[in-house]
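Data block below; observations after.
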Amino acid sequence: MPKKVELKPEQNTTEAAFTKGVSYVCRAPKTKKQAAEYLHKKGFNQEVIIATVEKMLEYGYINDEQFTELYVGYYGRTKGKRKLEQELKLKGVSSEIVENCELPDQKEAALNAAKRFMKSRENNLDNMQKLYRHLAGKGFEYSVCGEVVKLISNEEIETND
């Protein structure tokens, strides 16, 4: 009969944390901070969380640079630079990684967002102000918002003439 191996409580906890962490990041890419917060919510102590996150980094299950590229690739066409930077920092991505990522053309993204916003609205001063606030709320830089509002208002005037 095989000898029964007794696991120390720390080993069992670390293994359980690793299993929970891997199942969490397998559903969707996550950052180091998100994985650590998840494990903390599950009741694991700080030493176990640090060891688990390091092991997940070592195995390549967590990669903040890759997460940033995927996030920007998906949301970069609908959100502005400021909003993307803010959301990534909240998710625990370092400022250095955020600064090094390449963003899609902000003017083109803002123009697409503006066209969607103005689809069922008429061209008047009130709606142009709402458009500006809408674009600023989506995180586009103020200079880009102003350029796009001018383009949209001029475009509408030209089509109405």
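Charge dipole (Cα centre; +1 on Lys/Arg Cβ, -1 on Asp/Glu Cβ; no other charges) of segment 106-160 amounts to roughly 260 debye. In segment 83-161, taking the dipole from charged Cβ atoms about the Cα centre, the farthest positive-side position among Gly92, Phe140, Ser153 is held by Gly92.
Cross-linked pairs Lys41/Lys79; Lys55/Lys89; Lys30/Lys150; Lys33/Lys119; Lys20/Lys89; Lys42/Lys83: Cα-Cα separations exceed 32 Å for Lys30/Lys150; Lys33/Lys119. Geometric descriptor of segment 64-104, per residue, is 56 Å³ (volume of the convex hull of the Cα atoms).
Please report, in cubic angstrom per residue, the volume enclosed by the convex hull of the alpha-carbon atoms of the chain.
Details: hull volume 23.3 nm³, N = 161.
Dividing the Cα hull volume of the chain by its residues yields 144 Å³.
Taking the inverse of the average 1/r across all pairs of different Cα atoms in segment 106-160, what Kirkwood radius in Å do you get? Write down the numbers at each step before the final one.
Working: mean 1/r = 0.0924 Å⁻¹.
One decimal place: 10.8 Å for the Kirkwood radius.
Taking 0.36 nm per residue of separation and subtracting the Cα-Cα distance, full extension of the segment from Ala16 to Ser143 would add 40.7 nm. For the chain, the 222 nm mean residue ellipticity estimated from helices alone, with every DSSP H stretch of n ≥ 4 adding -39500 (n - 2.57) and the total spread over all residues, rounds to -23000 deg cm²/dmol.
Straightening the chain between Asn123 and Arg77 buys 14.2 nm, computed as 0.36 nm per residue apart minus the Cα-Cα spacing.
Computed about the Cα centre, the dipole magnitude for the chain is approximately 820 debye when only Lys and Arg (+1) and Asp and Glu (-1) carry charge, each at its Cβ.
Values quoted throughout were computed directly from the atomic coordinates according to the rules given, and no laboratory measurement underlies them. Here the structure is a predicted model, which means the values were calculated and not measured. Neighbour counts run over all protein chains shown; Cβ positions are idealised from the backbone, glycine included.
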